[in-house]
1. Does residue 169 qualify as being assigned to a strand (DSSP E or B) and closer than 26 Å to residue 116 by Cβ?
2. Evaluate the following for residue 102: is it touching a helix residue (DSSP H, G or I) at 6+ places or on another chain (Cβ under 7 Å), in a loop (DSSP other than H, G, I, E, B) and surrounded by 21 or more Cβ atoms within 10 Å (Cβ to Cβ)?
3. Any chance you could count how many residues in the range 150-166 are touching a residue at least 60 places away in the same chain (Cβ under 8 Å) and part of a helix (DSSP H, G or I)?
4. Among the residues of the range 295-305, is there at least one that is over 25 Å from residue 118 (Cβ atoms), surrounded by fewer than 13 Cβ atoms within 10 Å (Cβ to Cβ), in contact with a strand residue (DSSP E or B) (Cβ under 9 Å, 6 or more places away or on another chain) and modelled with pLDDT under 95?
5. Restricting to the range 263-274, give me the number of residues that are under 13 Å from residue 288 (Cβ atoms) and either assigned to a loop (DSSP other than H, G, I, E, B) or touching a residue at least 24 places away in the same chain (Cβ under 8 Å) (or both).
6. Could you grab me the full set of residues in the range 251-262 that are assigned to a strand (DSSP E or B) and buried (at least 19 other Cβ atoms within 10 Å of the Cβ)?
7. In this structure, does residue 297 turn out to be within 30 Å of residue 172 (Cα to Cα), touching a residue at least 40 places away in the same chain (Cβ under 8 Å) and outside any strand (DSSP E or B)?
8. Got at least one residue in the range 236-244 being in contact (Cβ under 8 Å) with a residue 40 or more places away in the chain, in contact with a helix residue (DSSP H, G or I) (Cβ under 7 Å, 6 or more places away or on another chain) and surrounded by fewer than 20 Cβ atoms within 10 Å (Cβ to Cβ)?
């Protein structure tokens, strides 16, 4: 199509454009006895033709339509609605479901990755993960991305999660009622292996708050915890361009953690998922230190939970707080559905 537009712009006649179109088609396809394009040329068979044009009559020249630009924002924000609408188009046209391209960035978290993987499982859709950030498009979006990619702290955990989710999806382990929940853009999930061909799927209840880092007093937040008693999980992430000192978290009036001799680095995070320690990470989720946590206050029962977040007053920026709790596990497995046949 682009070739045709260029030929028209150069003033080519309709006959010349028609000849160019025929030559392009016969280069890609074989010809029948009458010389018309027919089957895909043998040397092109077995290759993946990843396309971005959803127009009519294109299904026969590409393996899949997989458009979704990853360069403008994170996993959750870049052309999200467009990607989901495309799934209806694929369904109607009997085409493979694909969610488009997603770029692994320094600030991509494990939670962001599981958000994407849950949608992929719900739509039974593949996607392209741009992990080589030295591409021309990514370098235009972030000139420092190639060097930063070597220091992504969350990459091993993200790839491990991808392996579990995609193995379960390819084994058809997600039954239809579960897939319907996974398609809900507002829901969060966590998947854990539970033996050969078995996984535990947990719905995550999450809420997000913001504390102005320039404030001298702590901010109070109310979190409705709907799940059985468990350690409250949290991520505190700084948007400040300078280190933030004195970060503290209180749960139901009791101090859970306080950074007395350490600061939260610019763009850094304090992450807690249970146990006796929280992880202090830099802006790319690389672990810098482990900080003791009082496990008593963080064990929360169902109901309202009062959380305080504070820090020494900074000159700018904010602390973003994400609180999470997990629902009881739903066991899923390959035995529930038939295993996917290998692609020919």
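1. In short, no.
2. Spelling it out, it is not the case that residue 102 is touching a helix residue (DSSP H, G or I) at 6+ places or on another chain (Cβ under 7 Å), in a loop (DSSP other than H, G, I, E, B) and surrounded by 21 or more Cβ atoms within 10 Å (Cβ to Cβ).
3. Of the residues in that region, 0 qualify.
4. Yes: the range 295-305 contains one or more residues that are over 25 Å from residue 118 (Cβ atoms), surrounded by fewer than 13 Cβ atoms within 10 Å (Cβ to Cβ), in contact with a strand residue (DSSP E or B) (Cβ under 9 Å, 6 or more places away or on another chain) and modelled with pLDDT under 95.
5. 8
6. The answer is 251, 256, 257.
7. no
8. No, the range 236-244 contains no residue that is in contact (Cβ under 8 Å) with a residue 40 or more places away in the chain, in contact with a helix residue (DSSP H, G or I) (Cβ under 7 Å, 6 or more places away or on another chain) and surrounded by fewer than 20 Cβ atoms within 10 Å (Cβ to Cβ).
The values are calculated or read from the model by the stated rules, or taken from the named source; none is laboratory data. Quantities reported herein were computed from a predicted structural model and do not represent experimental measurements. Positions of Cβ are backbone-derived with ideal geometry, glycine not excepted, and every protein chain shown enters the neighbour counts.
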